[in-house]
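Participant: Dropping a structure here in C-alpha cells format, bear with me for questions.
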C-alpha cells in the first residue's frame, strides 16, 4: 500500500479517545487492520483490531477513513507499529473533507495545531477575509505577530541570583517547575514550561542567575541562557528591592518581585508570588506585550502561518 498514509488527528498524549485518519486505499487498509471485508461509506462500525483494541471505524470515502481507538499511549504505539508493518506511512498532513476550498483547508489545519485559545475565533474569521486578498506590508507585519497564537513564542525570565525567579515561575505554572532554594545560583540549568497568559500560550524559561562562576556546569547553563535570550520574543527582567536590574538590549519588561516584603517604583509591574499580588496583571501584560490588542482587534486579514495567498 505504497500510496496509503495515516495521521494522528488528536494530541500525541494520553486521552479518552484518539482519532487516526487513513488516506489512500482505505478499504484494503481497514480490511487488513480489522479483518472486516465489507465497508459502506459513512457507516460507523464497531470492530476489533486483533490483539490491540476495539475501535470505532468509518470509511468516509473511497480514499479517506477514520479509526477511533482508546487514547492509551500503549494502544497508539501498537497501532502505529501495525500500520508501519502494513506499509502505511505516517505523515503530518491531515485531510479536511469538510473544507470547501484551499483557504478553509489551510485554516482548519492551522486551527488543529494552534496552541492559544485566542487563535480560534480569529482563524474562523479568515476564510471570508482572505478571499481575493493581497497582503500589504502592514498585513504581513501584523500576521507575524498573530502567528504567535499558533506557535508559542519563547519568553525568558532573567535576573540576578536569589531574586525570586524560580518562585515566580512556580507561581505562574502553579506547580514546582523550578528549583527554589535560598542558596544563590540554585537554578543550574534552564527550566521551561508552557503557560496560558490570558489566552496566549507561551513557552517560558527560567534561566540561571547570571554571575561569575568557576563551575563548568553552571557556565554551560549560562551559555544556554544566552541562546534562549536570542531566540525569545520577550525578556522578563526580574529584581527584588535588594538587587539591580540586569542590562539587556532585547525587548523586555521589568518585574519587581517580593513586593509583600518591600516595594520598588522603577518597574513595569510589582508582584508577590507568595500572596498573588500582581500575578494576573503580569500574565495580561505578557500577552499584550507579545500580541498587542490592536493586532487582535484589527479587521484586516491574517495571513497566518501555513497559508499562502495563492491558495484561493
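Bear in mind these aren't lab numbers, they're just calculated from the coordinates by the rules spelled out. Fair warning: this is a prediction, and the values are worked out from it, not measured in the lab. Here Cβ is always computed from backbone atoms with ideal geometry, including for glycine, and neighbour counts include all displayed protein chains.
Participant: Working out 0.36 nm times the residue gap between residue 11 and residue 89, then minus their Cα-Cα distance, what length gain in nm do you get to one decimal? All intermediate terms of the calculation are to be shown ahead of the outcome.
Facilitator: Details: separation 78, 0.36 × 78 = 28.08 nm, distance 1.83 nm.
Length gained, residue 11 through residue 89: 26.2 nm.
Participant: Provide the packing ranking of 240-246, 161-167, i.e. peptides ordered by the mean count of other C-beta atoms within 10 Å per residue, highest first.
Facilitator: Working: 240-246: 15.4, 161-167: 22.0.
Order by mean packing, descending: 161-167, 240-246.
Participant: Between residue 74 and residue 28, what is the label-to-label distance in nm when each label sits 7 Å out along the Cα-to-Cβ direction?
Facilitator: Going from the residue 74 label point to the residue 28 one covers 3.3 nm.
Participant: Report the full-extension gain for the segment residue 138 to residue 46: residue separation times 0.36 nm, less the Cα-Cα distance, to one decimal in nm. Numbers along the way, then the final one.
Facilitator: On the way: separation 92, 0.36 × 92 = 33.12 nm, distance 5.17 nm.
Full-extension gain reported as 28.0 nm.
Participant: So for the chain, averaging the separation of alpha carbon pairs under 8 Å that are six or more residues apart and normalising by length, what relative contact order in percent results?
Facilitator: Details: 579 pairs, mean separation 48.0, N = 312.
So the answer I get is 15 percent.
Participant: Further, regarding this structure: Round to the nearest 10 and give me the degree value, 0 to 90, for the angle of helix 118-130's Cα axis relative to the longest principal axis of the chain.
Facilitator: Result, in degrees: 60.
Participant: Label points 7 Å out from Cα along the Cβ direction at residue 227 and residue 99: separation in nm?
Facilitator: About 3.4 nm, to one decimal.
Participant: For semi-axes √(5λ) of the Cα gyration tensor in Å, the choices are (1) 36, 25, 19; (2) 46, 26, 16; (3) 33, 23, 17; which was calculated from the structure?
Facilitator: Of the labelled values, this structure produces (2).
Participant: Suppose R0 equals 22 Å. What FRET efficiency, 1/(1 + (r/R0)^6) with r the Cβ-Cβ distance, do residue 36 and residue 112 give to the nearest 0.05? Could you put the intermediate results ahead of the total?
Facilitator: Details: r = 28 Å, r/R0 = 1.29.
Using R0 = 22 Å, I get an efficiency of 0.20.
Participant: Using only Cα atoms and rounding to the nearest 10 degrees, what angle (0 to 90) does helix 279-290 make with the longest principal axis of the chain?
Facilitator: 70
Participant: Now a separate question. Need one number: nm distance between label points at residue 128 and residue 62, each 7 Å from Cα along Cα→Cβ, rounded to one decimal.
Facilitator: Once both label points are built, they end up 3.7 nm from each other.
Participant: So what is the relative contact order for segment 5-90, in percent, with contacts set as C-alpha pairs under 8 Å and at least six apart? It would help to have the intermediate numbers written out before the result.
Facilitator: Values: 156 pairs, mean separation 28.2, N = 86.
Rounded, it is 33 percent for segment 5-90.
Participant: Sticking with this structure for a sec: Against the longest alpha carbon principal axis of the chain, how many degrees, from 0 to 90 and to the nearest 10, is the axis of helix 73-85 turned?
Facilitator: That helix lies at roughly 50 degrees to the long axis.
Participant: Using the Kirkwood radius built from alpha carbon pairs, what does the Stokes-Einstein equation give as D for segment 1-122 at 20 °C and 1.002 mPa s, in µm² per second?
Facilitator: On the way: Rh = 15.1 Å.
Result for D is 142 µm²/s.
Participant: Let me ask something else. Which whole-number percent gives the relative contact order of segment 55-170, counting Cα pairs below 8 Å spaced six or more residues apart?
Facilitator: Values: 61 pairs, mean separation 18.1, N = 116.
Reported relative contact order: 16 percent.
Participant: For the chain, give me the percentage of DSSP beta bridges that are antiparallel, rounded to the nearest 5 percent. Don't skip to the answer; put the middle values down first.
Facilitator: Details: 27 of 45 bridges.
Close to 60 percent.
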